[in-house]
Amino acid sequence: MNIAILGAGTIGSTLGRAWVRAGHTVTFGVRTVENPEVQALVQELGGIASVAPVAGAIASGQVVLFAIPGQAMEATIAAHAAALAGKVVIDAANRIGAATMHSFAAFTTHVPTAQVFRAFSSLGWENFARPRFGDIQADLFFCGPDGTARAQVEILISDVGLRPVWVGGPEQASLIDALTSLWFTLALGQKRGRHLAFKLLTDDV
Ligand SMILES: NC(=O)c1ccc[n+]([C@@H]2O[C@H](COP(=O)([O-])OP(=O)(O)OC[C@H]3O[C@@H](n4cnc5c(N)ncnc54)[C@H](OP(=O)(O)O)[C@@H]3O)[C@@H](O)[C@H]2O)c1
């Protein structure tokens, strides 16, 4: 898949590395293409990753991952609404301190045709870099519209090494964010450590 990753910081670089390893083509969309850290990341990933201004990255992506600060989401979505129309979008950004951590309302307002998923938002990046705990594969709970786009997002979750668990449609975004709050409480509040993830157990798994 051609994946646009907006933001090449901790989350963008961690997921970009995993997806390049899995054979996907990644374009990082950033504000400053000349940023030495981003250039070094692209060098590290060989010819399979590139860096472009945000608009160029969105244009090249079948799937667009938002890995930028939550406070920048509304303005970025509004500025690139036309380019995002009809795209499969993954909102990994957390609007820390706001009433709602996800940005689904901004997508609905500015890009109602985008197929928006809430994924990669509920665990610290360490769990995307190391998705196994001994023999146990961590799960990633996510939500978004059912259908072809969901299958694409499941592939991208699996290619990071996590097991995708679909919780339901976009209306479940706040439930995914409740898991984020649980992660913060356990990993940071109780100081259990950031390599901490969740597992769904059922009889048929
Ligand atoms: N870190 C985690 O463990 C984790 C886990 C799950 C979800 N998240 C969420 O993922 C998002 C990114 O987190 P991170 O830890 O990767 O942060 P980070 O390391 O600070 O990276 C943020 C990236 O966003 C870019 N950026 C900053 N302000 C921007 C703006 N106004 N418009 C466009 N791009 C902008 C930065 O590039 P510049 O060089 O241009 O500033 C940088 O590439 C956040 O919303 C966070 O809540 C983080």
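Taken together, the values in this text are just the output of simple stated rules run on the coordinates, not laboratory data. Worth saying up front: this structure is predicted, and the values here are computed from it rather than measured. So basically every Cβ, Gly included, is an ideal-geometry build from the backbone, and we count neighbours across all protein chains shown.
When the label point is put 7 Å from the Cα of Ala22 along its Cα-to-beta-carbon vector, which residues of the stretch 119-134 have a backbone N closer than 16 Å? Answer for this model: 119-123, 125-132. Each eigenvalue of the Cα gyration tensor of the chain, multiplied by 5 and square-rooted, gives one semi-axis; in descending order these are 24, 20, 17 Å.
Based on DSSP H segments of at least four residues, each scored -39500 (n - 2.57), the chain has a per-residue ellipticity at 222 nm of -10000 deg cm²/dmol. Once both labels are positioned 7 Å from their Cα atoms along Cα-to-Cβ, the gap between Thr113 and Thr202 label points is 3.5 nm. Once you reduce the stretch 45-59 and the stretch 80-124 to the center of their Cα atoms, the two points are 20 Å from each other. Placing pseudo-labels 7 Å out from each Cα toward the beta carbon at Ser60 and Val167 gives an inter-label distance of 3.3 nm. Taking label positions 7 Å along the Cα-Cβ direction at both Ser181 and Arg31, the computed distance is 3.0 nm, reported to one decimal.
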